[in-house]
Every structure is written in C-alpha cells, then in structure tokens.
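These notes concern the structure reproduced below.
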Amino acid sequence: MTSRVLASVVAGARYAGSAEQPDLNPSDPTDVVAVASMGDLDTAVAAVDAAATAFPGWAATTPWQRAEVLDRAGSEVLARADELGDLLAREEGKTLAEARGEVVRAGQILKYFAGVALQPHGQAVDSVRAGVEITVTREPLGVVTVITPWNFPIAIPAWKIAPALAFGNTVVFKPAELVPASAWELVDILNRAGLPPGVLNLVLGRGSQVGSALTGHPSVAAVTFTGSVETGRRILEALAGRSTKVQLELGGKNPLVVTDKADLGVAVECLVQGGFGSTGQRCTASSVLVATDGIHDALVAGIRSRLAGWRVGDARANGIDMGPVVDASQLEQDERYLAIAAAEGADVIGGRRLGDAGHFLEPALALGATVDSTISREEVFGPVVSVVRVADYEEAVAAANASTMNLSAGICTTNLAEAAHFRRASKAGMVMVNLPTAGVDFHVPFGGRGESSHGPREQGTAAVEFFTTSKTSYLAAGRP
Ligand code: NAD
C-alpha cells in the first residue's frame, strides 16, 4: 500500500519539500503511517513571508471572526476524536485512551481560546493629570513561530496556535519530525474552518535545517518553543541581541514526595500514573520518587505489585496500560540511563526490552538512588523512575528542590501542615497534592522554573502575556 505524502502548507497551498521521510509506527516500525515531504530553507522563508503578508488582514479581523474559526475547528477536532486519537496513537505510541484524551484536550483548547478572543483584555484608567484619559490595549505581535516536540503531537500545537490566532497573530508552525501526521491534520482543520491563506502555515522539516530561518527571519516577531533544554538554549543564544520575543518550555525533572503520612493506595497510583503514563514521555512525568523512611518499603512493594499487572503492548490494542517508547534512539537513551544507574550503585528493577518488533520497554525502578545520582538529575524521558529514600519530611523537601528543571512537583500526604508547607516551599512552577505530577488543566497558567522555562507562562489566563503586546494611550480630551 502506498502511503499518504504529507507536505508543508504555505499560504493555504501544498508546498512540496526536497526529501521524503517516513512517519513510522513505534509499535510496529514496518507500518508507515505517512511520508513527510521535508521542507528546507526555501520552505521556511516562504512560510514566514506568507505569514507576514497575511498579518495586517488577520490583525484587522474582529474578535468574533477569530472566535468563529477557532470554535468551528474545535468542534471538528472533538467530532473526530476517535479517528484522530487512533492516528496519534499510531504515530506517537501513547495508548488509544491517552491519545483520544489528548485530542479531546486539543478540541477543548481551541474552544477555550474562541471564548478568550471575545473577552475584554484592555483597561481604561484614570490619569494622575486632570483632563487626560488613559487606555491600555492589547495588540497582536505579528508573525509567531511555533516549534513543538513529539510527545504531545496535537495538544501542544493547539495550546500555542490557538492563542496566537485568537489575539490576531499569524503563525508558522514547525512540528517535531516524528509526528507530522497529527500536525498536518490540525492545520488542515484550522484552515478549512475559515482561516484566510497564510494566517497559519505548516513547515515540515528538520530543526537543524529550518530552525534558524524560522526563528531568526527578521519578519518573525515571536518564537514559542517547547522541547529539550539543549535546543531551547540554542534558540535563545541565536536570538541574543535581537528583539524577538521568546517563550521556552523545556525539560522537567519532577519529584513526587511520599511521606509517612500518605495514603499508600493514593501514593502508589500517583507514582504509577505520573511515572509510567504515556510511557513516561511527559515533561511533567514523576521521574524521581522521594520516599520517607517509614513508608519506603511498603510503597516500593505496592508499586511493584501494581506494575506486575501492567500491560505493555501495541498502543492501539485493547486493555493496554502502556505503549512503546517513541523510537529506537529514545529506547537506547532509556537503557543507557538504566545502565548508568546500575553502575552508580542503584538496584534496577525491570527495564527489559519486550517483544521483537516495536520499541517496547518494561517499566523500570532504580532503587537506592540518591539525589546526586545521574538518573535523579538528568531527564530520561522514558518509563524510568529513580527512588530516593530520605529520613524525614525536611529531607524530602530538600531532595525535591534539588532538581534544576523545576516544572512540576508533587506530594502525597494526608497531613495538612505538610501539604500546605510543601505548596509554599516547592521550587517548581506547578505543585500537586495527592495527584500525579503530570495532568494539568488548560484554563490556568502552565510552566516551570529554573532550567525548565523562559519567558511568560503558557495557556489559560497567562497566554495574553506572551501573544500580545500592550499599548498605553494618553488622550487630552479638552473641554466640550
Ligand atoms: P527537541 O528539543 O529535540 O525538539 C523540539 C523541536 O525543536 C522539534 O520540532 C525539533 O525539530 C526542533 N528543533 C531542533 N533543533 C532546532 C533548532 N536548532 N532550531 C529550532 N528548532 C529546532 O525535543 P523533543 O525530543 O522533540 O521533545 C522532548 C523534550 O521536550 C523533552 O526535553 C521534554 O521535557 C520537552 N517537553 C517540554 C514540555 C514543557 O511544556 N515544558 C512539554 C513537552 C515536552
């Protein structure tokens, strides 16, 4: 069977690239989901030019016109949740339930930002000078470049593209190389929902080839990026000295603290869902379990017993708890970190390759790790959790705050004083009490601290900060 060839979309039209790259199913790499026609520098420049040309017209539309497009697109995404969820599970490898959930989230985000477009974002302010009136208005930035990772192929693009469009910006969107099909569908849906040509452009291509043109083109007013710390830093360095607005959401090393006062069942579920859900390939995954001495052994026993019934297999098969790792190089990275953990003295439980064809890995625990172990400090991005035993709550807080990628942190405790103190003391951008570190709402700010984030927060009520610029106007009205 010949595969569908997906191309970049520039000014509303297909824009073929210079090379082809297969989009492979990580559950069965012989299954070619689609073929991406990979763009190059020429595609990137054409896409930015198209977005720049379309900007004045789109910026002049009314909030209602923008809201209607986003709402229509959201309705289509929701109506096609089963089909798009199947595609996402097939190309990225999360389970069907997780993939469908992500698609529904994307639909909700589009509809949420349809509403946001209609909300008032300006202010009228009394001047300190008699006879002067002040207004503070929010205006679009211009062309926004959106660059996204592979682990949330539709939700992350939606939470960047929807606010960019809602506030009147035009967009050039570059998805990760591993997930072109979900990205292409989202762009197709938005364009058919009524976007004028050039308002939303898609560039399929390698970051190393198209990245610098997409971020450094003089017509690009802002770059919103989600991905690794390494790539984020490279973009920031390349843009140093320029006035381009930059928002970076990067890696996470997220601790889950479990104290002696925790409900054991809640703690086991928080760790298993937070650590191994979506194959542990979430920036908010609970990748370091910090357990106080009195609960450590019972907790580890509870997690091992829960994982004994954990089914790893084809992402689209029924009754599966965890799909494959996204590709061979990520699988090698997971195994490399497990080998380092063992060499540094940890007792590695699980972590064997499973099956013959797909990139399947058994969930793994690195027992006896410390906060200084490599596996507790660096982002693995797989179904791998390091387990750190500490004496008491105070030591647990210090261990949780040892992370340098402070995206999310959680605590399981039934003690109100511990819960309240942890919420204040945590260095993370998001704190969860008796919940997994992963799993967030879309109408509130999202983001981390330390090496994990740069620039204004994303999502919900925070999005207006990045996707608009404010103008303060003074008017001396005079006397009638
Ligand atoms: P990555 O940094 O390798 O790639 C991200 C994107 O950047 C891709 O689209 C890639 O093509 C592009 N890119 C690569 N080089 C570039 C360059 N020089 N200029 C511009 N773009 C370039 O990340 P990944 O492997 O796709 O995703 C995994 C990473 O994403 C993890 O570190 C994870 O923690 C992070 N992540 C963070 C969040 C968050 O919100 N904090 C959410 C999801 C994933």
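We did not get these values from a lab; they are worked out from the coordinates using the rules stated. Worth saying up front: this structure is predicted, and the values here are computed from it rather than measured. Cβ sites come from the backbone with ideal geometry, for glycine too, and all protein chains shown count toward neighbours.
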Completion exercise
At q = 0.06, 0.07, 0.08 1/Å the base-10 log of I(q)/I(0) from the Debye formula over the alpha-carbon atoms of the chain is -0.28, -0.38, -0.49
Fill in the blank from the handout: Hydrophobic long helices for the chain, i.e. whole DSSP H runs reaching 15 angstrom or more by Cα along the axis with Kyte-Doolittle mean at least -0.5, come out as 41-59, 63-79, 96-118, 155-166, 180-192, 264-276, 293-308, 328-343
Problem - trypsin sites (Lys or Arg not before Pro) lying in DSSP loop within the range 50-139, provided at most 11 other Cβ fall within 10 Å - result: R129
Exercise for the section: Could you pull out every residue, at least 5 positions away or on a different chain, whose amide H is within less than 5 Å of the one on V390? Hs are placed 1.01 Å off N in the peptide plane, and Pro or chain starts have none. Expected result: A291, T292, D293
Practice task
Can you pull the one-decimal nm distance between simple spin-label points at A130 and T62, each 7 Å off the Cα toward Cβ?
Solution key: 4.0
Problem - Average Cα contact separation per residue, the range 254-433, under 8 Å, 6 or more apart, as relative contact order % - result: 29
Exercise for the section: Note the count of lysine pairs whose C-alpha atoms are less than 22 angstrom apart in the chain, limited to pairs 8 or more residues apart or on different chains. Expected result: 10
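Normalised by the residues of the chain, what does the relative contact order come to in percent, with Cα pairs under 8 Å and at least six apart? Write out the running numbers ahead of the final one.
Values: 1155 pairs, mean separation 84.5, N = 480.
Over the chain, the number comes to 18 percent.
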Fill in the blank from the handout: Scalar couplings 3J(HN,Hα) for the range 137-152 by Karplus 6.51 cos²θ - 1.76 cosθ + 1.60 (θ = phi - 60°), nearest whole Hz, x for Gly and Pro, are 10, 10, 10, x, 8, x, 7, 10, 8, 10, 10, 10, x, 8, 7, 10
Fill in the blank from the handout: Whole-Å distance linking the alpha carbon centroid of the range 198-240 with that of the range 442-458 is 18
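Compute the signed sum of charges (Lys and Arg +1, Asp and Glu -1) over the other residues within less than 15 Å, Cβ to Cβ, of G448. Kindly include the intermediate steps, with their values, before the conclusion.
On the way: positive: R233, K253, R282, K427, R449, R457; negative: E249, E379, E451, E458.
With Lys, Arg at +1 and Asp, Glu at -1, the neighbours total +2.
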Practice task
Could you list which residues have their amide H under 5 Å from that of G142, counting only those 5 or more apart in sequence or on another chain, with H placed in the peptide plane?
Solution key: T170
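Do you know the relative contact order of the range 332-480, to the nearest whole percent, from alpha carbon pairs under 8 angstrom that are 6+ apart? Show your work: numbers first, answer last.
On the way: 217 pairs, mean separation 21.5, N = 149.
Value for the range 332-480: 14 percent.
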